Amino acid sequence: MRKALRWLLSLVVLIGTVSAAGATAGAATAAEPTTGTDIKDRILAIPGMSLIEEKPYPGYRFFVLNYTQPVDHRHPDKGSFKQRITLLHKDTNRPTVFFTSGYNVSTTPRRSEPTAIIDGNQVSLEYRFFTPSRPDPANWSKLDIWQAASDQHRVFTALKKIYAKKWLSTGGSKGGMTATYFERFYPRDMDGVVAYVAPNDVVNKEDSAYDRFLEKVGTKECRDKLNAVQREALVRRAPLEAKYQGAATTEGYTFKTIGSLDRAYEAVVLDYTWAFWQYSLLADCESIPAAATATDQEIYDSIDAISGFSFYTDQGLGTYTPYYYQAGTELGSPDIKQPHLDGLSRYGYQPPRNFVPRDIPMRFKPWVMNDVDKWVRHNAHQMMFVYGENDPWGAEPFRVGKGSRDSYVYVAPGGNHSSNVAGLVPDQKAKATAAILKWAGVAPAAVQQDAEKAKPLTKYDAKLDKRDIEREPALRP
């Protein structure tokens with residue numbers, strides 16, 4: 001996705017978080033008793049599956065696993081790699097949610113929103129080429145959405161023999177995109193899809209929708225305040241870059257991939273307004289300094305807090321090379337104009353090519369996203385897309401149209417890139433929850449008769465449903 005997906009791991013988990021107020025339905029079912037062959041033994045009996053560790057969690061079994069995958073699913077005899085998986089096991093008689101972040105997998109027990117709603121098991125998959133799930137040597141041409149969907153298909157096929165009830169796929173941001181691509185290539189695998197805040201950059205060269213969005217989002221007062229700080233950061237480039245250089249020296253930051261500290265500095269500054277709307281709320285505008293009277297340190301601190309000066313360093317970019325590679329080969333990347341910075345910006349929005357080491361070849365394939373978009377509009381079946389009203393990524397959303405069945409697009413009012421079903425208006429929240437329960441085959445009789453009665457089947461768990469806030473680089477599709 002594009003600029004500022006800065007706290008993506010937070011997103012990976014957060015899309016699954018159910019608010020305490022909204023998750024007060026019946027108590028979760030207890031984990032199945034150990035009878036016959038232990039569930040761990042059944043899982044490890046799958047060819048290519050191996051255990052990294054098991055972590056305890058009340059009412060569940062939680063496994064961190066490796067699964068051997070072909071580097072190239074079209075030629076499985078030409079090399080393999082180990083892909084990390086986690087499994088939050090509840091009961092083989094419960095439905096299962098297949099969660100994808102599109103990035104690294106968290107090895108801490110966590111529960112996505114659909115998992116909490118249906119009281120199910122959860123399988124979480126690390127995206128190929130994110131360390132340590134990377135072939136060695138890495139043939140980057142094998143990092144594409146079809147290969148990744150085929151990774152999911154093999155995992156599903158292997159585990160479906162154990163978890164035979166219905167399956168839903170889900171994910172947020174790039175994870176929501178991943179769930180959508182999986183459905184496009186393997187539409188018979190899942191019984192439903194819940195994709196959160198999934199960008200849909202169909203035509204990479206036409207990004208005016210993002211410009212129009214940023215001209216109207218929130219209030220004029222807030223937009224002007226953000227634009228003024230952003231502009232001031234470029235007016236005061238010399239003293240603020242001196243602060244950045246000091247931090248780089250202290251932290252050992254280098255800038256080989258992007259090319260210079262100056263390029264990195266401007267990239268962070270240009271992310272500022274996008275990043276604010278992505279992860280903040282309108283009320284947070286009160287914390288933005290008044291640019292005209294702010295000190296250099298106040299401007300620097302505000303940019304750092306919202307955009308993050310570590311993000312375009314070699315140390316920040318390295319982990320996310322697979323993402324930037326995909327943004328520059330298939331996913332696309334928004335390119336906003338920001339006319340209030342005319343005469344101050346030296347580089348403009350830099351393309352993903354600038355964030356990937358030059359020894360990795362890249363070629364953009366413009367037909368890939370168009371294919372997915374058309375498929376969703378005409379073939380979506382039991383798919384749900386949830387967006388946030390104030391999230392820039394929602395400026396180019398997925399849509400369902402003629403030919404789609406039992407599929408929905410919802411927008412959380414005032415919501416950002418953390419939007420979920422719990423943040424919808426009450427009638428839509430109930431309708432969306434009822435659909436998820438129905439797709440998973442666990443809708444109570446009362447809900448089948450009246451969707452307004454739909455609620456999650458589990459109670460809020462402060463640890464399992466925790467939103468992990470872990471800052472990550474400004475990913476820029």
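Overview of results
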{"quantity": "Flag for Asp201 being at pLDDT 95 or above, in a loop (DSSP other than H, G, I, E, B) and touching a helix residue (DSSP H, G or I) at 6+ places or on another chain (Cβ under 8 Å)", "calculated": "yes"}
{"quantity": "Scan of segment 242-284 for residues that are of a type in the set (D, E, K, R), open to solvent by 60 Å² or more (accessible area, probe 1.4 Å) and in a helix (DSSP H, G or I), ordered by number", "calculated": "Lys243, Glu251, Arg263, Asp284"}
{"quantity": "In segment 150-177, the residues that are surrounded by fewer than 22 Cβ atoms within 10 Å (Cβ to Cβ) and not β-branched (Val, Ile, Thr)", "calculated": "Ser150, His153, Arg154, Phe156, Ala158, Lys160, Lys161, Ala164, Lys165, Lys166"}
{"quantity": "Residue count for segment 286-313, restricted to those that are assigned to a helix (DSSP H, G or I), crowded, with 21+ Cβ neighbours inside 10 Å and more than 28 Å from the chain's Cα centre (by Cα)", "calculated": "1"}
{"quantity": "Segment 161-184 residues that are in contact (Cβ under 8 Å) with a residue 40 or more places away in the chain, paired with ones that are open to solvent by 10 Å² or more (accessible area, probe 1.4 Å) and in a strand (DSSP E or B) (beta carbon under 8 Å, 6 or more apart)", "calculated": "Ser169/Phe99; Thr170/Phe99; Gly171/Phe99; Gly175/Phe99"}
{"quantity": "Segment 343-372: number of residues that are of a type in the set (Ser, Thr, Tyr) and open to solvent by 40 Å² or more (accessible area, probe 1.4 Å)", "calculated": "2"}
{"quantity": "Every pair of residues 6+ apart whose Cβ atoms lie under 9 Å, when the first sits in segment 436-462 and is closer than 22 Å to Met190 by Cβ while the second is of a type in the set (Val, Ile, Thr) and open to solvent by 60 Å² or more (accessible area, probe 1.4 Å)", "calculated": "Pro456/Thr24"}
{"quantity": "Check on Val194, surrounded by 13 or more Cβ atoms within 10 Å (Cβ to Cβ), in a helix (DSSP H, G or I) and in contact (Cβ under 8 Å) with a residue 60 or more places away in the chain", "calculated": "no"}
{"quantity": "Residues being within 20 Å of Ala434 (Cα to Cα) and touching a strand residue (DSSP E or B) at 6+ places or on another chain (Cβ under 7 Å) - total across segment 82-117", "calculated": "10"}
{"quantity": "Count - residues of segment 415-434 that are open to solvent by 30 Å² or more (accessible area, probe 1.4 Å) and either outside any loop (DSSP other than H, G, I, E, B) or of a type in the set (Gly, Ala, Ser) (or both)", "calculated": "6"}
{"quantity": "Single residue of segment 154-191 satisfying the filter (part of a helix (DSSP H, G or I) and within 14 Å of Val386 (Cβ to Cβ)) that is nearest to the chain's Cα centre (by Cα)", "calculated": "Gly175"}
{"quantity": "Wholly enclosed helices (runs of 4 or more DSSP H) of segment 314-402 bearing at least 3 residues under 18 Å from Ala209 (Cα atoms)", "calculated": "367-379"}
{"quantity": "Elements of type strands (runs of 3 or more DSSP E) in segment 35-153, at least 3 residues being under 23 Å from the mean Cα position of the chain (by Cα) and over 30 Å from Phe364 (Cα atoms)", "calculated": "60-70, 80-89, 121-125"}
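So that you can scan it fast, the table gives a plain yes or no per residue for (1) modelled with pLDDT under 95; (2) crowded, with 23+ Cβ neighbours inside 10 Å; (3) within 26 Å of Ala195 (Cα to Cα):
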position: Pro56; (1), (2), (3): yes, no, no
position: Arg61; (1), (2), (3): no, no, yes
position: Pro70; (1), (2), (3): no, no, no
position: Arg74; (1), (2), (3): no, no, no
position: Arg84; (1), (2), (3): no, no, yes
position: Asp91; (1), (2), (3): no, no, yes
position: Thr96; (1), (2), (3): no, yes, yes
position: Phe99; (1), (2), (3): no, yes, yes
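The values are calculated or read from the model by the stated rules, or taken from the named source; none is laboratory data. For clarity, every value in this text was computed on a predicted model and none was experimentally measured. Backbone-built Cβ (ideal geometry, glycine too); neighbour counts: all protein chains shown. All accessible areas refer to the heavy atoms of the entire protein, side chains included, with ligands and DNA or RNA removed. Shrake-Rupley method; radii C 1.70, N 1.55, O 1.52, S 1.80 Å.
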